[in-house]
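The next block holds one structure in the form of C-alpha cells; read it before the comments.
Bear in mind these aren't lab numbers, they're just calculated from the coordinates by the rules spelled out. Just so it is clear, the structure is predicted and the values come from calculations on it, not from any experiment. Here the Cβ is made from the backbone with ideal geometry for all residues, glycine too, and neighbour counts use every protein chain on show.
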Amino acid sequence: MSNRNVNLDLVKVLASIGVVGLHAIGMVNYSIYYFCDFAVPLFMMVNGYLMFNKSGITPAYAFTKILSLLKIVVCWNLLIILPVMVLRHKFVNPIRLCVNCLFQKGYLWHFWYFGALIIIYLALPLIHHLIKNRPLLHLILVVILVLISVTISIMSMVRGYSIQKYVPQTLRIWTWLMFFLFGGLCTTSYFDKLLNIPLWLHSVLTAVFAFVNNIVEKKVGLYLIHERIADLFYDDITSIIWYCLLFTLLLRVPLSALVKKAATRIEPLTLGIFIIHPILLAGASSVYTPSGTLSAVIFFVIITLLSGIASCIMRRIVIIRELVRL
C-alpha cells in the first residue's frame with residue numbers, strides 16, 4: 001500500500017464522476033456539461049501512466065489486457081440479451097451486439113472506450129519498446145499527435161462542420177493515443193521538470209484554462225462547427241492544454257489523510273460506475289427527464305450514488321464481481 005499512487009486514484013475517481021456528469025446533465029446546462037468533458041481524456045492518461053510505469057510490455061501482457069476487456073464486453077452483452085428477449089420479444093445476435101457496442105452502437109454504446117483501448121493495446125508492445133527510456137522521442141511523438149489533433153480541429157472550424165463526427169470515437173486513435181502517451185510522458189523526467197513550477201501557478205493556470213476552454217467550446221460549437229456534442233472538442237488546443245494541466249496538477253497536489261482514504265475506498269468502484277451509470281440513465285430517462293439546472297444536478301448526484309452503490313454491491317458478490325473489475 002505504501003507504493004500506491006493515491007493521486008492517481010483521485011484522478012480516476014474524479015474522471016468517473018465527470019463521465020456521469022457528462023451523460024446525466026448533458027445539454028441542460030452547457031457550462032457544467034463542457035466542464036465534465038475532461039473525464040475520458042483523463043481516463044486515457046491514467047492508462048498511459050500505468051502502462052509506462054512498467055519496465056516492459058510484452059505481446060502476452062497486452063493480449064491479457066485485451067482479453068480482460070473483451071471478457072467484460074461479452075459478459076455484459078450476454079446479460080443484455082435476456083431482458084431484450086423477454087421485454088421486446090426479439091433475439092439479438094450476441095456477436096453483433098458485442099461488435100456494435102465497441103463502435104458506440106446499441107445498448108452498451110459507452111463500451112466504445114474499451115474498443116479504443118483494445119486498439120491501443122494491440123500496438124502498445126511496439127510503441128512501448130520504441131519510446132520507453134527515450135523521453136525525447138516520447139515527447140516528439142506526443143507533439144506530433146497534438147499537431148494532428150489541432151490541425152483536424154482547425155480544419156473543422158474552417159469548413160464549418162466537425163470532421164471528427166464522421167469517425168466513430170473508437171477509431172479516433174490520433175486523439176486517444178495522444179492522451180494515452182501524454183499520461184505515459186508524466187512518468188518521465190519531463191514531469192519532474194514540471195514540478196519546478198510553483199503549485200499555486202499550476203493551479204491558477206488550470207483554473208484559467210478550465211474557464212477559457214468552457215467559453216471556447218460554447219462559441220466554437222455554436223458559431224463555427226454548428227455542433228454542441230462534447231466529444232467533438234477533444235482535439236481543440238484549449239481543451240488539450242486544460243486536460244493536461246488538470247492531470248498533472250492532480251498528480252502533484254498534496255492530499256490530506258481524509259482525501260487519501262476516500263480516494264482509495266472509491267477507486268475500486270470507478271469501473272463499475274462507468275459501466276453501470278448509462279444503464280441507470282436509460283431506465284431513469286423513461287420516467288424522468290431533468291428540465292432545469294438544479295434538477296439536472298440532483299439527477300447527476302443520484303445517478304452517481306446509485307452507480308457507486310451498485311458497483312460496491314456487485315464487487316461483494318463472488319459470482320458477478322468480475323463484471324465490474326479488470
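Worth a mention:
- The calculated pair-distance distribution of region 261-326 uses every alpha carbon pair, bins of 5 angstrom beginning at 0, and gives 3, 18, 24, 22, 15, 10, 6, 1, 0 percent.
- Rounded to the nearest Hz, the phi-derived 3J(HN,Hα) couplings of region 298-304 under the Karplus curve 6.51 cos²θ - 1.76 cosθ + 1.60 (θ = phi - 60°) are 4, 4, 4, 5, 5, 5, 4, where x marks glycine and proline.
- Counting charges near residue 38 (Lys, Arg +1; Asp, Glu -1) among other residues having Cβ under 15 Å from its Cβ returns a value of -4.
- Here the chain is assigned +1 on the Cβ of each Lys and Arg and -1 on the Cβ of each Asp and Glu. Its dipole about the Cα centre then comes out at about 680 debye.
- Flagged links, alpha-carbon separation over 22 Å, of 12/65; 105/165; 65/261; 132/261; 132/193; 65/132: 65/261; 132/261
- Judged by the ratio a/c of the largest to the smallest principal axis of the C-alpha gyration tensor, region 192-298 counts as oblate, that ratio being 1.5 or greater while a/b is no larger than b/c.
- Take every Cα pair under 8 Å whose residues are at least 6 apart in sequence, average their separation, divide by the length of region 58-211, and the relative contact order is 20 percent.
- Mean ellipticity per residue at 222 nm, deg cm²/dmol - from DSSP H runs of n ≥ 4 across the chain, formula -39500 (n - 2.57): -23500 deg cm²/dmol
- Principal axis extents of the Cα atoms in the chain, from largest to smallest and rounded to whole angstrom, are 59, 48, 42.
- Among the trypsin sites (Lys or Arg not before Pro) in region 82-153, those located in a DSSP loop and surrounded by at most 13 other Cβ atoms within 10 Å of their own Cβ are 90.
- Selected from 123, 245, 59, residue furthest toward positive end of dipole (the chain; charges at beta carbon): 59
- Taking every C-alpha pair closer than 8 Å and separated by at least 6 residues, the mean separation divided by the residue count of the chain gives a relative contact order of 28 percent.
- For the pair residue 298 and residue 96, the difference between a 0.36 nm per residue extended length and the Cα-Cα distance amounts to 69.1 nm.
- 3J(HN,Hα) couplings calculated from phi for region 121-130 with the Karplus curve 6.51 cos²θ - 1.76 cosθ + 1.60 (θ = phi - 60°) are, in sequence order, 5, 4, 9, 4, x, 5, 4, 4, 5, 6 Hz; Gly and Pro show x.
- Ordering of 284-290, 218-224 by packing is 218-224, 284-290, highest average first (other Cβ atoms within 10 Å, averaged per residue).
- When each of the peptides 205-216, 236-247 is scored by how many other beta carbons lie within 10 Å of its residues on average, the order from highest to lowest is 236-247, 205-216.
- An oblate overall shape is assigned to region 1-146, the ratio a/c of its alpha-carbon gyration tensor axes (a ≥ b ≥ c) being 1.5 or greater and a/b not exceeding b/c.
- 3J(HN,Hα) along region 49-54: 4, 5, 5, 8, 7, 8 Hz, from the Karplus curve 6.51 cos²θ - 1.76 cosθ + 1.60 with θ = phi - 60°, whole Hz, x for Gly and Pro.
- For region 83-155, convex hull volume per residue from C-alpha positions, Å³: 121
- Listed residue (82, 139, 69) projecting farthest to the positive dipole end of the chain, Cβ model: 82
- The order of 166, 234, 107, going from fewest to most other C-beta atoms within 10 Å of their C-beta, is 166, 107, 234.
- Cα-centre dipole for region 205-326 with unit charges at Cβ (Lys and Arg positive, Asp and Glu negative), debye to 20: 600
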